[in-house]
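The values are calculated or read from the model by the stated rules, or taken from the named source; none is laboratory data. No experiment lies behind these values; they were computed from the predicted model shown. Cβ: placed from backbone, ideal geometry, glycine included. Neighbour counts: every protein chain shown.
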Amino acid sequence: MSSVDITSTRPGTPGGRFMRQFWLAIHRSEDLAKGHARPIRIMSEDYTLYRGEAGRAQVLDYRCPHRGAPLHLGWVEGDALRCLYHGWKFDCSGQCVEMPAEDPNFPRKVAAKSYPTREYMGLVFAYFGEGEAPPFPPFPASRDASLIHVWNAEAVPCNWLQCYENSADEVHVAFVHQPGGSHAAIAELPHRGRGDRLGHAAPGQAPRRQAARQPALHAQRHARGGAAARGLRRRRRLVGDLFQLHAHRRRKPPLAHHQPGQGHRQRRPRRFSPRRPSTCAATPRRRR
């Protein structure tokens with residue numbers, strides 16, 4: 001049996017067809033202001049996400065169907081989005097409703113592709129699959145704000161399957177998240193016998209370092225204090241690199257005086273420091 005790549009989510013791939021069956025959280029609601037549009041990239045495809053003046057969020061195609069201009073560069077008018085190139089205007093369904101300098105009956109023949117878009121618990125969800133979207137919300141839960149905390153959005157340099165495997169991997173938690181964070185208390189679970197499946201060692205024994213066999217990427221992101229410490233170390237390295245850059249930078253030689261037979265070169269103007277005040281009585285100068 002030949003191997004099947006399920007890590008890629010590009011259109012037409014097995015992983016792409018699988019992931020497009022569900023509602024996907026694509027943006028934080030608080031990061032999308034009314035009357036603004038922005039580009040997004042989901043599963044190797046580009047889209048336009050905007051929020052109308054009435055507060056509705058909507059996902060459209062990335063480019064205008066007319067001349068291919070990016071739609072996010074246009075502006076929001078009401079709950080519609082107008083392209084900046086020729087002013088074609090599209091509503092939330094993607095239908096063109098206004099087309100300057102064209103036949104008034106032609107706009108109804110043009111439409112940009114629109115994708116089902118909903119909001120739930122501080123997140124913007126969209127459905128990119130074929131056919132009718134599944135029931136919404138994607139998971140049954142109470143609307144109590146204390147159940148879900150929307151964290152900062154971060155770009156993780158890995159595929160979706162690695163994220164899923166890491167979330168279901170309980171072994172690494174006792175080691176990677178031991179310095180702190182929301183998983184710190186898991187490292188304090190009671191031990192069982194001579195060591196349990198989580199890698200906890202019995203009292204008096206050295207812990208079994210099973211985390212060494214786990215992907216190193218996640219461990220490096222949480223090592224030595226988490227994101228705050230990583231940012232501080234990154235700034236320190238940057239300052240050090242800049243210092244070394246300036247320390248080894250060659251200084252320009254001073255401008256030489258004009259010598260006969262050489263090209264004319266402008267002299268650098270001299271800087272005269274103010275004279276010190278004289279301590280003796282001023283004497284009149286002799287005119288020449």
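Please indicate, with yes or no, whether at least one residue in the range 135-151 is more than 15 Å from F22 (Cβ to Cβ) and at pLDDT 85 or above. So far as the range 135-151 goes, no, none of its residues is more than 15 Å from F22 (Cβ to Cβ) and at pLDDT 85 or above.
When the range 43-67 is limited to residues that are surrounded by 20 or more Cβ atoms within 10 Å (Cβ to Cβ) and polar (S, T, N, Q), the one that is farthest from V97 (Cα to Cα) turns out to be T48. The residue that is nearest to G122 (Cα to Cα), among those in the range 152-197 that are β-branched (V, I, T) and at pLDDT 60 or above, is V156.
The strands (runs of 3 or more DSSP E) found entirely in the range 18-117 that carry 3 or more residues being touching a residue at least 40 places away in the same chain (Cβ under 8 Å) are 24-28, 36-42, 45-51, 57-61. Taking the range 39-82 as the region of interest, how many residues are more than 19 Å from the chain's Cα centre (by Cα) and within 20 Å of Q21 (Cα to Cα)? Of the residues in that region, 3 qualify. Return the residue satisfying two criteria in turn: it lies in the range 96-134 and is of a type in the set (G, A, S) and either more than 17 Å from Y47 (Cα to Cα) or exposed (fewer than 10 other Cβ atoms within 10 Å of the Cβ) (or both), and of such residues it is modelled with the highest pLDDT. Only one residue tops the list, namely A133.
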